[in-house]
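Comments concern the structure below.
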Amino acid sequence: MMWLNRHRHNINILLPPTKGLVQKLLAVTMSSTSLKEMRNGGEDYSNGHGGGVRDLYGEDCATEDQLITPWTFSVASGCSLLRDPRYNKGLAFTEGERDAHYLRGLLPPAVFNQELQEKRLMHNLRQYEVPLHRYMAMMDLQERNERLFYKLLIDNVEELLPVVYTPTVGEACQKYGSIFRRPQGLYISLKEKGKILEVLKNWPEKSIQVIVVTDGERILGLGDLGCQGMGIPVGKLSLYTALGGVRPSSCLPITIDVGTNNEKLLNDEFYIGLKQKRAAGQEYAELLEEFMRAVKQNYGEKVLVQFEDFANHNAFDLLEKYSSSHLVFNDDIQGTASVVLAGLLASLKLVGGTLADHTFLFLGAGEAGTGIAELIALEISKQTKAPVEKTRKKIWLVDSKGLIVSSRLESLQHFKKPWAHEHEPVKTLLDAVKAIKPTVLIGSSGAGKTFTKEVVETMASLNEKPLILALSNPTSQSECTAEEAYTWSKGKAIFASGSPFDPVEYEGKVFVPGQANNAYIFPGFGLGLIISGAIRVRDEMLLAASEALAAQVSQENYDKGLIYPPFSNIRKISAHIAAKVATKAYDLGLASHLPRPKDLVKYAESCMYSPGYRSYR
Ligand SMILES: NC(=O)C1=CN([C@@H]2O[C@H](COP(=O)(O)OP(=O)(O)OC[C@H]3O[C@@H](n4cnc5c(N)ncnc54)[C@H](OP(=O)(O)O)[C@@H]3O)[C@@H](O)[C@H]2O)C=CC1
Ligand SMILES: CC(=O)C(=O)O
Ligand SMILES: [Mg+2]
């Protein structure tokens, strides 16, 4: 039995569980798509509320034999097809497709291939001088033609990363109320308390593998942007797809709106969020608890929840609370730690010695600072077999009150306490540099221009090759610029920053700064969890990801003074990170996708979404 419901603009087909028929229809509708491609990058043709070709990475439909459950698909045609960003190809619809899908007359006569469309769009994008306009053009493209959006992003990653990600995404969040056009993710506010499971069911995709969630309280180094923080989960998830190859339909951006303490937004008539002060304490905890339960109930145990840009008074507690019951990852604490450790491991090729030979000083003792510090301590402990309590001793942190020392212990937040070493009080960063004599200086303060000339000069006077990382985002919050780092250190510094800087010429030599951003880690890390079916995140996986990233830095990169590989190779890098993370998941008994693939790098690569168009004939 087969029901066929054919409307002018929509064809809905409901199929019984007959394997042969399923294959036949796939062949008709997606002639160029093999079942393997479908598993790796295939799209769900269901409307989300019906059955559909389900989670093709996962157990549900992992093999052809399992494609036997009843399912419906709806192939849009005519205007509906052109307005559906997942399937729209614009001028790339072929003559045959235009006939078959009622597109005649709805498009101008020319037929472009995807490469020509890409060329045209890149040309158009480059005409915009204002970065925010480029951002808006990219968001429009994402909402119009998703595959073309990802093709552009993948093929032009170094050029477009600063557009869809830091620094421009910061400005986009600040102005999100004005530029908001269409929802790109789910908004869960206090109004939805008691109904979060229903809200999740409103999202059209069912096979979600990664959620990036924020509550908007610490958006980059820009502070509390409330509901307008949505730009961050949207941007991070577009990198999950472009950099890590996770299917767009498996990604769900979520903003939890518990209010904002940002007076400017509360008084802004265009503010899109709840106009109330932030809920805290029990009210906050209950909403988050309902959210985490609903996520697990709706998507199962293997959905990855990435916490992003929460304020530190919630971030550490949420991570601790849910890490034993859910697959959770805090990008700011863990992803940042992993990317910085990778840079440090790579830098040893340039500065010599082992990690244990170095002394580290941080400006900023929050999520990023203490997260990185702890992972460095763990890695040194792993390398030297010394207890972590001991390896922490060469790592020092400065917060807004000065150097963290034992006399401050009582008043310190819990995540700072392990770093309260014996030392007399020191008030300023400059004095801390002079007292501690670090070989590595790391900015994780969210406070721009805090690595002053004196600080950089002192680092250069203490070290042959001082390693200086200005991690804070966006560019306005960077502790110093690349130019400042190179000129003030007289070309001695090895420098990387959270947001990108252009190469700098100093005394006839060109210095190329690296970008120390967690975007190197989370896409591949998440892919590794997905392909192995991991159910928990462990520190060993973070260390493995760091080592995998460090191993991708080539001699050619080192020759330029770089401690990170270029983003242009990011898909290959992500596959290597994914393979190492998946290996750890298997070794630790946390992987549920069995058997373990023999070659995990190849497997990770084969699982990556590819943005090329498919034929609808
Ligand atoms: N490059 C990357 O991949 C990443 C970059 N970041 C960036 O790092 C920054 C910090 O993020 P996060 O750690 O989550 O933020 P937190 O709010 O958790 O921590 C900020 C820390 O900086 C300290 N601080 C703030 N201003 C100053 C100042 N003027 N002098 C000294 N210390 C100061 C704070 O001190 P106190 O505790 O006393 O308040 C706090 O310890 C942000 O700009 C963010 O964009 C974050 C994640 C990844
Ligand atoms: C990069 C990032 O996660 C941040 O700045 O918060
Ligand atoms: Mg972040």
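The values are calculated or read from the model by the stated rules, or taken from the named source; none is laboratory data. Predicted model only: the values in this text are computed from it and were never measured. Here Cβ is always computed from backbone atoms with ideal geometry, including for glycine, and neighbour counts include all displayed protein chains. Note: areas computed on protein heavy atoms with side chains; ligands, DNA, RNA excluded. Shrake-Rupley method; radii C 1.70, N 1.55, O 1.52, S 1.80 Å.
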HN-Hα J in Hz across the stretch 298-313 - Karplus 6.51, -1.76, 1.60, θ = phi - 60°, x for Gly and Pro: 7, 10, x, 6, 8, 6, 8, 10, 9, 7, 9, 6, 7, 6, 5, 5
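How high is the relative contact order of the chain, in percent, counting Cα pairs under 8 Å that sit 6 or more residues apart?
Taking the mean separation of contacting Cα pairs over the length of the chain, I get 14 percent.
Rounded, prolate or oblate: which fits the stretch 143-259, taking a ≥ b ≥ c as square roots of the Cα gyration tensor eigenvalues, rounded meaning a/c under 1.5, else prolate when a/b beats b/c? Numbers along the way, then the final one.
Working: a/c = 2.07, a/b = 1.23, b/c = 1.69.
Note, shape of the stretch 143-259 comes out oblate.
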For the stretch 365-408: rounded, prolate or oblate by the Cα gyration tensor [a/c cutoff 1.5]: oblate
Å² of accessible area per residue within the stretch 335-516, as computed with a 1.4 Å probe and no ligands counted: 40 Å²
Estimated vicinal HN-Hα couplings, Hz - the stretch 415-427 in sequence order (Karplus 6.51, -1.76, 1.60; Gly, Pro = x): 6, 8, 4, x, 9, 7, 8, 5, 5, 6, x, 9, 8
Where labels lie 7 Å past Cα in the beta-carbon direction, separation of residue 266 and residue 324 in nm: 3.7 nm
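Between residue 602 and residue 447, what FRET efficiency comes out of the Förster formula 1/(1 + (r/R0)^6) with R0 = 35 Å and r the beta carbon distance, rounded to 0.05? Walk me through the numbers before you get to the answer.
Values: r = 44 Å, r/R0 = 1.26.
E(calc), rounded to 0.05, equals 0.20.
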Nearby aspartates and glutamates by direct alpha-carbon distance to residue 193 (threshold 17 angstrom, same-chain neighbours under 8 apart not counted): 215, 257, 283, 286, 289, 290
Solvent-accessible surface ranking, highest first, for 549, 266 at 1.4 angstrom: 266, 549
The stretch 81-164: relative contact order as a whole-number percent, Cα under 8 Å and 6+ apart: 36 percent
Inter-centroid distance (Cα atoms) of the stretch 520-576 relative to the stretch 189-234, Å: 26 Å
Most positive-pole-ward Cα, 368, 433, 91, against dipole of the chain from beta carbon charges: 91
Helix-derived mean residue ellipticity, 222 nm - over the chain, DSSP H n ≥ 4, -39500 (n - 2.57), to 500: -12000 deg cm²/dmol
Distance in nm between pseudo-label sites at residue 203 and residue 276 (7 Å out along the Cβ direction from Cα): 2.4 nm
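Give me the extension gain from residue 99 to residue 181: residue separation times 0.36 nm, minus the current Cα-Cα distance, reported in nm with one decimal.
Details: separation 82, 0.36 × 82 = 29.52 nm, distance 3.19 nm.
Gain in length upon complete extension: 26.3 nm.
For an R0 of 56 angstrom, estimate the FRET efficiency from the Cβ-Cβ distance between residue 428 and residue 106 and round to the nearest 0.05.
On the way: r = 65 Å, r/R0 = 1.17.
It comes to 0.30.
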Residue order for 207, 400 - accessible surface, 1.4 angstrom probe, largest first: 400, 207
Extreme residue, positive dipole direction of the chain, given options 472, 124, 219 (C-beta unit charges): 124
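For each pair in 195/264; 151/449; 236/602, compute the distance between the two Cα atoms and list the pairs where it is over 27 Å.
Values: 195/264 30 Å; 151/449 36 Å; 236/602 24 Å.
Check vs 27 Å cut-off fails for 195/264; 151/449.
Which links in 201/572; 321/401; 302/401; 321/584; 417/492; 89/206 stretch past 30 Å when you go from one Cα to the other?
Distance filter (> 30 Å) returns 201/572; 302/401; 417/492.
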Dipole magnitude of the chain, debye to nearest 20 (Cβ charges: Lys/Arg +1, Asp/Glu -1, about Cα centre): 1080 debye
Cβ crowding within 10 Å averaged over residues, with 460-472, 213-225, 315-327, 590-602 ranked highest first: 213-225, 460-472, 315-327, 590-602
In sequence order, calculated HN-Hα J values of the stretch 207-212 (Karplus, 6.51, -1.76, 1.60; Hz; x Gly/Pro): 8, 8, 10, 9, 10, 10
For residue 212, distant residues with modelled amide H under 5 Å away: 252, 254, 306
Area accessible to solvent at residue 329, 1.4 Å probe radius, in Å²: 0 Å²
Antiparallel bridge percentage (DSSP; both residues within the chain; nearest 5): 30 percent
Modelled label reach - residue 293, point 7 Å along Cα→Cβ, the stretch 182-224 residues with backbone N closer than 13 Å: 193-198
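Sort the chain into rounded, prolate or oblate with this rule: let a ≥ b ≥ c be the square roots of the eigenvalues of the Cα gyration tensor; rounded if a/c is under 1.5, and if a/c is not under 1.5, prolate when a/b is larger than b/c, oblate otherwise.
Values: a/c = 1.75, a/b = 1.67, b/c = 1.05.
The shape class here is prolate.
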Among 403, 443, 418 the positive-end extreme of the charge dipole of the stretch 390-501 (Cβ point charges): 418
Exposure of residue 111 as accessible area (Å², to 10), given a probe of 1.4 Å and all protein chains: 70 Å²
Virtual spin-label span in nm between residue 465 and residue 555, 7 Å along Cα→Cβ: 1.5 nm
For a label point 7 Å along the Cα-to-beta-carbon line of residue 390, residues of the stretch 325-347 with backbone N under 15 Å: none
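Quick one: putting +1 on the C-beta of Lys and Arg, -1 on the C-beta of Asp and Glu, what dipole do you get for the stretch 480-617 around its Cα centre, in Debye to the nearest 20?
Numbers: 15 positive and 13 negative charges, 147 e Å.
I would put it at about 700 debye.
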With all protein chains modelled, accessible area of residue 391 [1.4 Å, Å²]: 10 Å²
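Go through 392, 98 and list them by solvent-accessible area, largest first, probe radius 1.4 Å. Before the final figure, lay out each step's value.
Details: 392 40, 98 5 Å².
The most accessible residue leads, giving 392, 98.
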Cβ charges +1 (Lys, Arg) and -1 (Asp, Glu), total dipole of the stretch 167-330, debye: 500 debye
